[in-house]
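Below: the structure, in structure tokens.
The values are calculated or read from the model by the stated rules, or taken from the named source; none is laboratory data. These figures come from a predicted structure and were not determined experimentally. No Cβ is skipped: glycine too gets one built from the backbone with ideal geometry, and neighbour counts run over all protein chains shown.
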Amino acid sequence: MRDIARQIGQSARLRALIPATLFQPGFFVLDPPVFVVRSLPLSDADARGLANLAKRHDAISLHLDSSLGLQRTVTLPKAAAGRAKAVINMQMRQTLPAMANGLVWQFAQTGRTAQDVLFTVFVMKEDVLLQLRDTVENLGSVVSEIRFAGVNGPALSSTQQKDANTQRRWILATAFCVLATVSWAVWALEANVHALQTANAARAASNAALEEQLVGVTARINDTEGQRARLLADLGTFDRQSGRLAYWADLTRDLPDTVWISELNVDADRMSLAGFTRGDATEVVEIIQRQAWADTVRLEGPIQFDTFTRQNRFSLTVALNEADATP
């Protein structure tokens, strides 16, 4: 009897006894198990662990170790932090090779200063995600999402279905209709009660409501003025820091297509920048040295070969002319 009970408990047919609607959107959902990918390609131990997990679950969430992707640091003014996703996406397409075609990324806020917000961006090749999906599907399961471990926000890749969103909307619409019906019945009853009140009581209630509205409008006006003052302060900060756009324009015009800049920071009379080149880094130094705003240019540290982009990585420090230094 124990052997029979064990076989029944291990049978996949028991899943049919659980109503599928129990786990549809709108109700509680069981999160898929997490498998941490520590190396690419998968080591033998990780491949065996993934195969065992795929046998026991219909869906798996893959979390990539942060060391597997290219990490970039993006600094945004506080005024632009609310649009971080759009701004970071634009910077990635402008600074990554081939307009970031074939690359996906995920970002997280990692710090802040008095005026700026710091973000770390994790970049991964899209082909790697497709290979991981194919590997899991060949093992008999599916990938629910792929993200970097410990990074919140939207995943690199997700299999959320449109029909799940549709079901959730229908559930919310049904609840809204029920609430609206009950609210209408209550409102009708209250209207009949108020119709029996005297004209003086109705006038007094109207005056009280108008007074409350006046207080609310006054508070909103004061709040709007405060928001306007904060916005003007943020715009002033952005205006003081926008001088670096002229440097970007000159570098974009004069640097060859074999060079791309990944970081550029300006502090008073000093500029620091880093990037990649398929040629000689000294050529970059000579081009920047010819700029009207550059006084002296020097390399910071050794030139390193980046195995991810197959290019030479360099870091430069530029002493700005006194007329071009920012206050």
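Listed by first and then second residue, the pairs linking a residue in region 73-93 that is touching a residue at least 12 places away in the same chain (Cβ under 8 Å) and more than 15 Å from D234 (Cα to Cα) to a residue that is acidic (D, E) and loosely packed, with under 15 Cβ neighbours inside 10 Å, with Cβ atoms under 8 Å apart and 6 or more places separating them unless they lie on different chains, are T73/E263. Return a yes/no flag: does region 86-95 have any residue that is more than 30 Å from V266 (Cβ to Cβ) and in contact with a Ser or Thr (Cβ under 9 Å, 6 or more places away or on another chain). Checked region 86-95: no residue is more than 30 Å from V266 (Cβ to Cβ) and in contact with a Ser or Thr (Cβ under 9 Å, 6 or more places away or on another chain). Of the residues screened, D250 is not one that is under 30 Å from A100 (Cα atoms) and free of Cβ contacts under 8 Å to residues at least 12 places away in the same chain. Against the test of being more than 16 Å from P97 (Cβ to Cβ) and either modelled with pLDDT under 85 or of a type in the set (D, E) (or both), the options D257, D269 yield a single qualifying residue, D269.
Going by the conditions given, is D31 assigned to a helix (DSSP H, G or I) and either at pLDDT 50 or above or in contact with a Phe, Trp or Tyr (Cβ under 7 Å, 6 or more places away or on another chain) (or both)?
no
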